[in-house]
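Trainee: Please read through the structure below; I'll follow up with questions.
The values are calculated or read from the model by the stated rules, or taken from the named source; none is laboratory data. Quick caveat: nothing in here was measured; it's all calculated off a predicted structure. We place every Cβ from the backbone using ideal geometry, glycine too, and count neighbours over all the protein chains shown.
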């Protein structure tokens, strides 16, 4: 809606002055690259009515990574805009994405497959035994066995033999509860919602990204318009104590 | 008449057991997941694409572990496999304990109070050693 009104207001002046191009850019908060020469196209998606400008801006180089291994940079979108303005001062840049972008450079590993499977297996084994241990520890902690004996005696008046309908239904209940909570078993999802762990994973990633951005801003390592890679703009420490 | 009451009793027990199981499962597994233990593992090992598989492992572990406990199923595994189970359960419990401390903001609050900025890593290592020693003492003394 606001776009439309703005367009209408501008319309008469368009005929008088030169038509200005608006470049829309949108970037994710966390981008992984595997090339050492990072162009704007690698980290942003963009749209502009002028194809020529768009293509040339896409090829503009933002970063040249010198060192190997894993590198991490935090780039302010202002820096990207100033880079674009250096070459095209008249282009109006509209940022629709994040204001700080984390660029992680990682060399493509060839022999990672085996290690990857080993890691996944390790996590699987830990989570399996961990979950088994947790439920047993919980049952032990609240003394489910004795509690079931008490309930059994209360209801039937007889002493439990430790293997009654109560234990069986409790185990079925645990199974249902877990599967309903996790919302899937194997590849089969019960509803279209993401599972709790997928949600948790995203939350965790978000926290990590926020920390990285704030950390590098506070240390003055963020690549921003007035930092020039020198470090030490002390505006960063003042926003939070 | 006697049969009817016996059946009613059994049904009541089944209802209690079933609802108890569902409630416990929801509570305990929410506690595991929301603390982000498994998400942490997946992130640390860069295997986030297997998160669904990890969920299956947690679900399966919970279901089978409960069966083993409630029905006292004997697992003749021998000492080496017992050691493996102990090790992995220990890793999980350790991460869980730390995740709990993390979610409760124990560290930021504590460090701000006593104004520690450096040597946080020493603090972490000593805490890990303390936990390990504490567990050893607990079991060694047969408390």
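Trainee: Modelled with pLDDT under 85, under 21 Å from residue A:212 (Cβ atoms) and exposed (fewer than 14 other Cβ atoms within 10 Å of the Cβ): which single residue out of A:67, A:109, A:36, A:10 fits that description?
Mentor: So the residue among A:67, A:109, A:36, A:10 that is modelled with pLDDT under 85, under 21 Å from residue A:212 (Cβ atoms) and exposed (fewer than 14 other Cβ atoms within 10 Å of the Cβ) is A:67.
One line per residue, one yes/no per condition, for (1) under 26 Å from residue B:53 (Cβ atoms); (2) in the same structural domain as residue A:71 (by TED's automatic domain parsing):
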position	(1), (2)
A:90	no, yes
A:102	no, yes
A:105	no, yes
A:119	yes, no
A:139	yes, no
A:151	no, no
A:154	no, no
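Trainee: Write out, first by first residue and then by second, each pair whose Cβ atoms fall under 8 Å of each other, whose residues are 6+ apart or on separate chains, and whose first residue, in the stretch A:129-154, is more than 9 Å from every other protein chain (Cβ to nearest Cβ) while the second is exposed (fewer than 15 other Cβ atoms within 10 Å of the Cβ) and outside any helix (DSSP H, G or I).
Mentor: A:149/A:159; A:149/A:162; A:153/A:159
To keep it simple, each residue is scored yes or no on (1) at the interface with another protein chain (Cβ under 7 Å from one of its Cβ atoms); (2) under 20 Å from residue B:92 (Cβ atoms); (3) buried (at least 19 other Cβ atoms within 10 Å of the Cβ).
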| position | (1), (2), (3) |
| --- | --- |
| B:14 | yes, no, no |
| B:22 | yes, no, yes |
| B:26 | yes, yes, no |
| B:32 | yes, yes, yes |
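Trainee: If you don't mind, another one. Across the stretch B:73-119, which residue is farthest from the other protein chains (Cβ to nearest Cβ) among those that are surrounded by fewer than 11 Cβ atoms within 10 Å (Cβ to Cβ) and closer than 20 Å to residue A:139 by Cα?
Mentor: So the residue we want is B:74.
Trainee: While we're on this one: I need a count of the residues in the stretch A:73-104 that are assigned to a loop (DSSP other than H, G, I, E, B) and over 14 Å from residue A:217 (Cα atoms).
Mentor: Of the residues in that region, 7 qualify.
Trainee: Taking residue B:59 and the conditions (1) surrounded by fewer than 18 Cβ atoms within 10 Å (Cβ to Cβ); (2) within 16 Å of the chain's Cα centre (by Cα); (3) facing another protein chain (nearest Cβ under 7 Å), which numbered condition does it fall short on, given that it satisfies the others?
Mentor: So residue B:59 meets the others, but not (1).
Trainee: From the list B:101, B:59, pick out the single residue that is at pLDDT below 85 and assigned to a helix (DSSP H, G or I). Steps first, please.
Mentor: Values: B:59 fails: at pLDDT below 85.
Only one candidate passes the filter, namely B:101.
Trainee: Turning to a different aspect of this structure: Of (1) more than 7 Å from chain B (Cβ to nearest Cβ); (2) modelled with pLDDT under 85; (3) within 18 Å of residue B:18 (Cβ to Cβ), residue A:181 satisfies all except one. Which?
Mentor: Against the list (1) more than 7 Å from chain B (Cβ to nearest Cβ); (2) modelled with pLDDT under 85; (3) within 18 Å of residue B:18 (Cβ to Cβ), residue A:181 comes up short only on (1).
Trainee: Any residue in the stretch B:35-47 that is touching a helix residue (DSSP H, G or I) at 6+ places or on another chain (Cβ under 7 Å), over 27 Å from residue A:112 (Cβ atoms) and more than 7 Å from chain A (Cβ to nearest Cβ)?
Mentor: Yes, the stretch B:35-47 contains at least one residue that is touching a helix residue (DSSP H, G or I) at 6+ places or on another chain (Cβ under 7 Å), over 27 Å from residue A:112 (Cβ atoms) and more than 7 Å from chain A (Cβ to nearest Cβ).
Trainee: Something else now. Considering only helices (runs of 4 or more DSSP H) fully contained in the stretch A:118-230, which possess at least 2 residues that are in contact with a strand residue (DSSP E or B) (Cβ under 9 Å, 6 or more places away or on another chain) and farther than 24 Å from residue B:89 by Cβ? Even if it seems obvious, please write down each step before you answer.
Mentor: Numbers: elements: A:144-156, A:165-182, A:196-219.
Correct list: A:196-219.
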